[in-house]
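Here is the structure we will look at.
The values are calculated or read from the model by the stated rules, or taken from the named source; none is laboratory data. Remember, it's a predicted structure, so these values are computed and weren't measured experimentally. Neighbour counts are summed over all protein chains in view; Cβ atoms, including those assigned to glycine, are modelled from backbone coordinates with ideal geometry.
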Amino acid sequence: EAQVTQNPRYLITVTGKKLTVTCSQNMNHEYMSWYRQDPGLGLRQIYYSMNVEVTDKGDVPEGYKVSRKEKRNFPLILESPSPNQTSLYFCASSPGADRVSGYTFGSGTRLTVV
Amino acid sequence: SQELEQSPQSLIVQEGKNLTINCTSSKTLYGLYWYKQKYGEGLIFLMMLQKGGEEKSHEKITAKLDEKKQQSSLHITASQPSHAGIYLCGADRGRTGGGADGLTFGKGTHLIIQP
């Protein structure tokens with residue numbers, strides 16, 4: 001089944017403890033993005049990647065890092081999480097040229113930082 | 001930066017009734033996407049519009065993009081409980097072209113279907 005897989009689905013962590021949220025897609029998609037969703041603020045883009053080793057900042061990149069060493073994986077790294085990073089996170093991928101099929105989203109990771 | 005304004009923010013509709021959700025952009029839309037989200041879950045792609053005046057349908061849902069490519073509407077005919085959820089419009093960010101830099105989203109429309 002074609003899908004974007006995020007892990008974990010739920011995570012509670014403490015302030016300052018480094019964590020990684022993994023994202024993997026099995027569709028050979030070129031483009032990948034990370035978003036966070038917060039009540040009243042909607043979905044905001046954190047980082048995006050056009051291809052392997054090509055990444056760039058979105059609207060809210062502070063406190064996050066990403067890497068794209070392989071086409072299928074696009075992990076989101078929080079080096080020193082803070083409570084204001086408590087949010088619902090989504091990874092998404094797109095084939096690139098075929099935009100008509102849209103971005104495929106993962107099921108989300110609900111992160112709580114205490 | 002591009003902003004997408006959705007209206008209404010929330011909508012309560014009696015089952016069987018028709019409804020329309022609007023999405024207005026501050027800039028020309030090069031790609032407009034409609035998604036549906038169940039609360040706390042992932043986004044489900046509905047359809048994508050690119051050309052001015054374009055209209056697409058899937059089951060009982062029809063989306064249109066106006067000629068000026070700054071406004072889109074999503075119309076649901078004969079609503080059912082399965083239509084309940086959050087509807088989001090998204091647009092190509094357009095910084096690099098071709099949708100490579102992801103999407104910017106409206107804040108969503110919460111749709112409740114009353115039996």
A:Ile46 versus (1) under 14 Å from the mean Cα position of the chain (by Cα); (2) surrounded by fewer than 18 Cβ atoms within 10 Å (Cβ to Cβ): which is the lone unmet condition? (2)
Exactly one condition in (1) at the interface with chain A (Cβ under 9 Å from one of its Cβ atoms); (2) in contact with an Asp or Glu (Cβ under 9 Å, 6 or more places away or on another chain) is false for B:Met48; which is it? (2)
Screening B:Ser73, B:Ser57, B:Ser26, B:Ser82 for residues that are hydroxyl-bearing (Ser, Thr, Tyr), more than 14 Å from every other protein chain (Cβ to nearest Cβ) and touching a strand residue (DSSP E or B) at 6+ places or on another chain (Cβ under 6 Å) leaves only B:Ser73
Is it the case, given these coordinates, that B:Ile21 is in contact with a Leu (Cβ under 9 Å, 6 or more places away or on another chain) and either within 14 Å of chain A (Cβ to nearest Cβ) or within 30 Å of A:Thr86 (Cβ to Cβ) (or both)? yes
Being touching a residue at least 60 places away in the same chain (Cβ under 8 Å) and either in a loop (DSSP other than H, G, I, E, B) or among the hydroxyl-bearing types (Ser, Thr, Tyr) (or both) is the filter here, so list the residues in the range B:99-115 that pass it. B:Gly99, B:Thr104, B:Gly106, B:Lys107, B:Gly108, B:Thr109, B:Pro115
Condition set at pLDDT 95 or above, over 14 Å from A:Cys91 (Cβ atoms) and not β-branched (Val, Ile, Thr), scope the range A:58-69, selection surrounded by the most Cβ atoms within 10 Å (Cβ to Cβ): answer is A:Pro61
May I ask you to list the residues in the range B:37-64 that are among the basic types (Lys, Arg) and either surrounded by 17 or more Cβ atoms within 10 Å (Cβ to Cβ) or over 20 Å from B:Gln80 (Cα atoms) (or both)? B:Lys51, B:Lys64
If A:Pro61 passes every condition in (1) without any contact (Cβ under 8 Å) to a residue 60 or more places away in the chain; (2) within 30 Å of B:Ser10 (Cβ to Cβ) but one, which one does it miss? (2)
Looking at the range A:1-49, which of its residues are without any contact (Cβ under 8 Å) to a residue 24 or more places away in the chain and closer than 12 Å to A:Phe74 by Cα? A:Tyr48
Positions within the range B:29-45 being more than 8 Å from every other protein chain (Cβ to nearest Cβ) and of a type in the set (Phe, Trp, Tyr), in sequence order: B:Tyr30, B:Trp34, B:Tyr39
Matching residues, the range B:85-109, being over 12 Å from A:Arg44 (Cα atoms), at the interface with another protein chain (Cβ under 9 Å from one of its Cβ atoms) and modelled with pLDDT of 95 or more: B:Leu88, B:Gly108
Being out of contact with any strand residue (DSSP E or B) (no Cβ under 9 Å at 6 or more places or on another chain), at negative phi and charged (D, E, K, R), is that true of even one residue in the range A:35-58? no
Please work out which residue is surrounded by the fewest Cβ atoms within 10 Å (Cβ to Cβ), limiting yourself to the range B:1-33 and to residues that are over 22 Å from B:Phe45 (Cβ atoms) and hydrophobic (A, V, I, L, M, F, W, C). B:Ile12
